[in-house]
Number of protein chains: 2
Amino acid sequence: MAPLNQHFRILNTDPESAARCGLLSTPHGQVLTPAFMPVGTQGTVKSLTPDTVKALGAEMILCNTYHLYLRPGHQLIASLGGLHSFMNWGGPILTDSGGFQVYSLGKLRKITPEGAIFQSHIDGSRHRLTPELAIEIQEALGSDIMMCLDECTPYPATFSEAEASLSLTLSWAERSRKARADSSPQALYGIVQGGMYPDLRKRAVEAIAAMNFDGCALGGVSVGEPKALMEQIVAETTPLLPADRPHYLMGVGTPEDIVKAVDCGIDLFDCVMPTRCARHGLLFTNTEKVVIKNARYRKDNGPLDSECDCYTCRNFSRAYLRHLYVAGEILAMTLNTLHNIRYYMRLMEQIRDAIGCGQYAAFKSRFLKDRQRVET
Amino acid sequence: MAPLNQHFRILNTDPESAARCGLLSTPHGQVLTPAFMPVGTQGTVKSLTPDTVKALGAEMILCNTYHLYLRPGHQLIASLGGLHSFMNWGGPILTDSGGFQVYSLGKLRKITPEGAIFQSHIDGSRHRLTPELAIEIQEALGSDIMMCLDECTPYPATFSEAEASLSLTLSWAERSRKARADSSPQALYGIVQGGMYPDLRKRAVEAIAAMNFDGCALGGVSVGEPKALMEQIVAETTPLLPADRPHYLMGVGTPEDIVKAVDCGIDLFDCVMPTRCARHGLLFTNTEKVVIKNARYRKDNGPLDSECDCYTCRNFSRAYLRHLYVAGEILAMTLNTLHNIRYYMRLMEQIRDAIGCGQYAAFKSRFLKDRQRVET
């Protein structure tokens with residue numbers, strides 16, 4: 001593995017917490033952290049053009065190896081010049097390994113030491129995803145940050161189940177490291193598993209740190225465990241991660257989750273929440289929980305979120321957004337997604353600003369209080 | 001009815017045909033004609049933001065009275081400041097009368113001298129649409145151009161059926177004229193029916209012309225009759241229309257239909273074709289008929305249409321557009337619609353340019369020859 005070369009630089013640390021601002025450098029540009037990556041599952045952040053995604057403030061997006069491997073195929077994408085060119089996204093891309101999607105297939109998959117055997121959700125065809133293939137696919141896609149194939153430990157799991165699962169993940173991490181092309185400009189991150197057992201998490205961190213990956217991710221959280229347990233695992237595990245590498249909390253989460261995890265020293269996030277919620281008409285604001293189909297918005301001529309600077313909030317009323325949603329119009333998906341992504345991007349800007357001026361604790365406490373009012 | 005006040009000015013006429021360029025003035029701005037109006041059925045041109053619609057070159061759009069009356073309701077829209085404000089479209093809007101949609105309901109509607117009784121396609125509720133109500137709805141919406149309620153004569157129809165239907169349409173036209181508020185800044189167009197009978201069409205034109213509407217529309221074409229018959233009706237009827245009023249051919253049509261109808265003196269068009277085709281992956285170019293899901297585009301790294309200046313053609317490959325379509329991504333709808341609308345807008349620009357420099361006959365013959373190659 002090539003030595004770590006300026007992949008990540010810490011810019012500020014918060015005096016009262018583990019929160020930090022950093023600058024991530026990739027072949028396709030730099031990313032200020034803490035950062036949230038909108039999810040572009042099939043090579044598109046659902047319902048938005050890449051120009052719009054960029055204009056909303058997103059610097060890096062996540063794409064799914066599993067989906068792109070099955071359709072249209074990584075070799076096809078490689079032959080067309082790689083994923084950036086294919087989807088016309090000029091900024092950094094992180095690809096997951098496909099592990100989580102395969103895990104989510106439930107009965108359609110089987111895990112062996114060699115890899116994961118699964119059936120396509122599209123046509124039922126059989127596939128075998130190994131750590132080596134996951135790297136091959138991600139190298140073909142040409143993402144900026146690749147992830148090691150891991151086994152997502154389910155919740156609940158006994159200690160010995162979680163321990164066996166972790167062993168597999170660690171052996172796959174080592175194989176991923178070896179499979180990666182020496183000359184690759186693509187970063188590779190290891191994933192810390194270990195279920196809900198602090199001892200296993202500690203062991204995982206030590207093993208992953210020893211493999212000298214470009215970054216470290218926490219996986220296997222937000223898989224059905226109680227919120228408090230997730231918070232505990234993040235709070236206990238993050239401080240153990242190598243401080244000079246980016247810390248990525250996979251698949252998390254709500255605005256509250258993000259604000260709390262930043263406090264523990266997390267730098268990177270991804271989640272389908274803003275995009276998926278948008279398509280279901282659930283819209284984020286700091287003052288109100290908006291379920292846009294509700295009759296109360298029928299005659300509401302105000303903007304969705306008077307604090308928001310997005311195209312949706314500047315140009316349309318809640319009444320119109322409700323009408324579009326109820327009428328099943330495609331534009332509802334676009335305008336809602338646009339707002340929710342902008343909400344997340346503004347949140348990350350506020351987080352970075354707060355850390356930058358040493359006010360993260362105050363920001364966090366105010367934000368969580370505001371959001372509590374929203375939820376109740 | 002208020003006297004005609006600068007609603008329409010002819011700028012150029014073609015020396016060899018009845019084609020003409022004009023300038024239509026409305027309370028929300030001017031429109032160069034011949035013009036094509038993208039259809040915004042439910043208060044949105046499906047899958048596009050109004051900013052995008054404008055950027056594509058559309059100056060005026062059409063919205064459907066029937067749909068907006070049923071959902072969200074014209075009174076609601078009026079209470080929120082009217083349709084322009086509701087959908088954030090600052091340019092001119094033409095509203096149809098709802099007649100064609102009611103006609104399309106088939107067995108769910110019944111026509112009486114008083115008006116049309118129909119059941120909502122949404123919830124089955126019963127409604128009665130009269131000429132007076134159609135005006136009331138359109139005045140509440142605040143469109144720039146209103147249409148009289150008419151009965152769309154079906155095809156085929158016997159002479160006496162078509163004659164009876166025309167009588168009804170003419171009596172409704174007179175009632176519409178009277179129902180319109182004297183002080184209204186909204187224009188009102190009459191509709192010429194008469195089925196496929198030149199005598200009836202002539203009679204219709206005379207009656208409609210005598211009512212001194214701001215513009216005259218040809219209705220009841222493109223309702224299932226052979227293409228040649230439609231062309232004949234348009235070619236025979238358009239020259240009879242008052243030359244100083246805009247001539248609007250309702251619900252037409254293909255690029256070829258438009259080019260031929262302009263030759264007869266038609267100024268305004270609307271059709272769901274570019275938007276609906278786009279959502280079905282049928283894309284317009286002057287060199288090739290593109291059905292984007294076809295396997296032949298799987299590895300095609302070229303633009304959809306190398307002649308086109310739209311965002312889709314400048315930024316994405318056919319392979320990517322195919323992938324989005326096959327994967328069922330919302331962005332497919334947006335990018336496809338964007339291209340098809342731009343194709344129509346460029347066509348109208350080319351038509352106006354050709355008329356402006358007295359070359360319409362040459363343009364028409366070249367265009368139809370090109371398109372013939374595309375279709376075969």
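The values are calculated or read from the model by the stated rules, or taken from the named source; none is laboratory data. Since this is a predicted model, take the numbers as computed values, not measurements. Because the Cβ atoms are built from the backbone with ideal geometry, glycine has one as well, and the counts that use them run over all protein chains shown. Accessible surface is based on the protein model in full, side chains and every heavy atom, while ligands, DNA and RNA are left aside. Shrake-Rupley method; radii C 1.70, N 1.55, O 1.52, S 1.80 Å.
Computed values, structure above
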read-out	value
In nm, spacing of pseudo-spin labels at B:K299 and A:S79 (7 Å Cα→C-beta vector)	0.3
10 Å Cβ neighbours from other chains, averaged over peptide A:44-54	4
Rel. contact order, % - alpha carbon contacts under 8 angstrom, at least six apart, chain A	18
Per-selection metrics, chain A (Cα): Rg and Dmax in Å	20.3, 61
Over the stretch B:101-176: Rg over Rh, Cα atoms, Kirkwood Rh	0.98
Candidate residues B:S176, B:S79: accessible-area rank, largest first, probe 1.4 Å	B:S79, B:S176
Convex hull (Cα only) mean projected area of the stretch A:153-307, reported in nm² to one decimal	11.6
Efficiency of FRET between B:E236 and B:T112 - r from beta-carbon atoms, R0 35 angstrom, step 0.05	0.65
Copy-to-copy label separations for A:D244, where each label sits 7 Å from Cα toward Cβ, in nm and ascending	8.5
Cα-derived Rg over Rh, computed across the stretch A:48-92 with Rh taken as Kirkwood radius	1.00
Convex hull volume per residue for the stretch A:1-154, taking Cα atoms only, in Å³	148
Added length on full extension, which subtracts the Cα-Cα distance from 0.36 nm per residue, A:S365 to A:R276	29.3 nm
Under 17 Å from the A:K178 label point (7 Å along Cα→beta-carbon), backbone N, the stretch A:130-155	A:130-136, A:148-150
Positions from the stretch A:274-309 whose accessible area shrinks by 20 Å² or more when the full protein complex is built, not the chain alone, probe 1.4 Å	A:R298, A:K299, A:N301
At 7 Å out from Cα toward Cβ: B:G81 inter-copy label distances (nm, ascending)	4.2
Calculated P(r) tail over 25 Å for the stretch A:82-233, as whole % of Cα pairs	30
Which of B:C357, B:C148 is most accessible, then next, and so on - probe 1.4 Å	B:C357, B:C148
Kirkwood Rh in Å, taken over the stretch B:160-251 so that all alpha-carbon pairs contribute	13.4
Partner chain coverage, peptide A:324-334 - average Cβ within 10 angstrom	6
When the stretch A:329-371 is reduced to its Cα atoms, the Kirkwood hydrodynamic radius in Å	11.7
Cysteines in chain B lacking a second Cys C-beta under 4.7 Å	B:C21, B:C63, B:C148, B:C152, B:C216, B:C264, B:C271, B:C277, B:C310, B:C357
Debye intensity ratio I(q)/I(0), log10, the stretch B:124-214, q values 0.20 Å⁻¹ (C-alpha model)	-0.91
The stretch A:63-105 versus the stretch B:34-111: alpha-carbon centroid distance in Å	39
Calculated P(r) of the stretch A:163-205 - Cα pairs past 15 Å, %	45
In range of the label at A:S160: residues from the stretch A:88-118 whose backbone nitrogen is under 19 Å from the point 7 Å along Cα→Cβ	A:113
Between the stretch B:335-376 and the stretch A:178-221, the Cα center-to-center distance that results, in Å	58
Residue mean of other protein chain beta carbons inside 10 Å, A:80-90	3
Value of D in µm² per second that Stokes-Einstein yields for the stretch B:268-376, Kirkwood Rh from Cα pairs, at 37 °C (0.692 mPa s)	226
Position B:A164, label points 7 Å along Cα→Cβ, spacing to each other copy in nm (shortest first, one decimal)	8.1
Translational diffusion of the protein assembly as shown, µm² s⁻¹ [Kirkwood Rh, Cα pairs; Stokes-Einstein; 37 °C; 0.692 mPa s]	115
Compactness of the stretch B:213-283 as Cα Rg over 2.2 N^0.38 Å, two decimals	1.13
Heavy-atom accessible surface of the protein assembly as shown: percent carbon and sulfur, 1.4 Å	51
Highest average packing first - A:101-110, B:243-252, A:297-306, Cβ atoms within 10 Å	B:243-252, A:297-306, A:101-110
Equivalent-ellipsoid semi-axes of the stretch B:1-60, from the Cα gyration tensor, Å, largest first	26, 17, 10
Residue-normalised accessible area of the stretch A:55-162, expressed per residue, 1.4 Å probe, Å²	36
Of A:K227/A:K260; A:K260/A:K369; A:K54/A:K227; B:K46/B:K107; B:K178/B:K202; A:K289/A:K369, those spanning more than 20 Å from alpha-carbon to alpha-carbon	A:K54/A:K227; B:K46/B:K107; B:K178/B:K202
